[in-house]
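Before any comments, here is the structure.
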Amino acid sequence: MQGIPIVFIESKLDQKCSSETHPSGNPQIVSFSRFMSVSSARIEEHGFESTTIADVLKAKGKSADGSWLWCTTDDTVYDAVKSMTQHNVGALVVVKPGEQKSIAGIITERDYLRKIIVQGRSSKSTKVGDIMTEENKLITVTPDTKVLKAMQLMTDNRIRHIPVINEAGMAGMVSIGDVVRAVVSEHREELDRLNAYIQGGY
């Protein structure tokens, strides 16, 4: 009597198996454990979940948007907005005069619209310190903050720019665009790693 063929149950990722002949001579169902190949070839444990704000600042470089651009509390709103326009950015870090590493606040396009245009004030006679978001109201991150956490903070608080603070003071500033680009880039690299793993590159 002709035997029934062995039935194999396998995952697309798994290529290893073992089979035994039962003492009765009957065919056996042989299953592939999806962990058999994973133990010998782990996916490299890094990706977008491990990307930090320090990585984003490094990618921006000191010439890209400044790494961070600043003005002082004594500058006029007009000069601050002019600087934003020239550098194609939507916010400036505000520092105290003569203290570039000591953050006093942040001024954004939104501040200009709400506190100058809507209220009919003069940008040339109003000081940045009069309309900026002050330091004690700022939401900040550190260089070690995960990019996904920074994105969550910015989304939850409806802000587009977030200062980066370290032990020495101001380290930089990132925008929602910087964060999104970093996440998209890391997603791409993660997919490449998974494809390489599936195809046996690991």
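The values are calculated or read from the model by the stated rules, or taken from the named source; none is laboratory data. This is a predicted model, so every value here is computed, not measured. Side chains included, ligands, DNA and RNA excluded: accessible areas come from the protein's heavy atoms. Shrake-Rupley method; radii C 1.70, N 1.55, O 1.52, S 1.80 Å.
Rounded to the nearest 10 Å², what accessible area does residue 178 have for a 1.4 Å probe in the complete protein model?
Here the accessible area works out near 10 Å².
Spelling out what I want: for every residue of the range 127-136, take phi, set θ = phi - 60°, compute 6.51 cos²θ - 1.76 cosθ + 1.60 (Karplus), and round to whole Hz; glycine and proline get x.
7, 4, x, 7, 10, 5, 7, 6, 3, 5
How would 160, 181 rank on accessible area, largest to smallest, probe 1.4 Å? Numbers along the way, then the final one.
Working: 160 110, 181 150 Å².
Largest to smallest exposure gives the sequence 181, 160.
Among DSSP beta bridges lying fully in the range 83-171, give the percent that are antiparallel, nearest 5.
Within the range 83-171, antiparallel bridges account for around 90 percent of the total.
Under the classification rounded if a/c is under 1.5, otherwise prolate if a/b is larger than b/c and oblate if not, where does the range 88-170 fall, given a ≥ b ≥ c as square roots of the Cα gyration tensor eigenvalues? Before the final figure, lay out each step's value.
Values: a/c = 2.77, a/b = 1.43, b/c = 1.94.
It is oblate, given that a/c is not under 1.5 and a/b is not larger than b/c.
Longer than 20 Å from Cα to Cα, which of 82/115; 58/137; 60/82; 82/124; 58/149; 58/146 are they? Say none if no pair is. Intermediate results must be reported in sequence, preceding the final value.
On the way: 82/115 16 Å; 58/137 27 Å; 60/82 22 Å; 82/124 11 Å; 58/149 18 Å; 58/146 14 Å.
Those over the limit are 58/137; 60/82.
Skipping prolines and chain starts, which residues have an amide H placed within reach, meaning under 5 Å, of the one on residue 165, given they are 5 or more residues away or on another chain?
So residue 165 has HN proximity to 141, 142, 171.
Which whole-Hz ³J(HN,Hα) couplings does the range 102-110 yield from phi under the Karplus relation 6.51 cos²θ - 1.76 cosθ + 1.60, θ = phi - 60°, glycine and proline marked x?
Result, ordered by residue: 9, 6, 9, x, 8, 10, 10, 4, 4 Hz.
In whole Hz, with x marking every Gly and Pro, tabulate ³J(HN,Hα) for the range 156-164 from phi via Karplus 6.51 cos²θ - 1.76 cosθ + 1.60, θ = phi - 60°.
Each residue of the range 156-164 in turn: 5, 9, 6, 10, 10, 9, 9, x, 10 Hz.
Quick check: residue separation of residue 137 and residue 110 times 0.36 nm, minus the Cα distance between them. What number comes out in nm? Numbers along the way, then the final one.
Numbers: separation 27, 0.36 × 27 = 9.72 nm, distance 1.53 nm.
Length gained, residue 137 through residue 110: 8.2 nm.
Could you compute how much accessible surface residue 111 exposes when probed at 1.4 Å, giving the result in Å² to the nearest 10?
Rounded to the nearest 10, that gives 10 Å².
For residue 103, enumerate residues with amide H under 5 Å from its amide H, sequence gap 5+ or separate chain, H modeled in the peptide plane.
Sorted by chain and number, the residues that satisfy this are 170.
Taking all protein chains together and a probe of 1.4 Å, list 193, 114, 121 from the most accessible to the least accessible.
Descending accessible area places them as 114, 121, 193.
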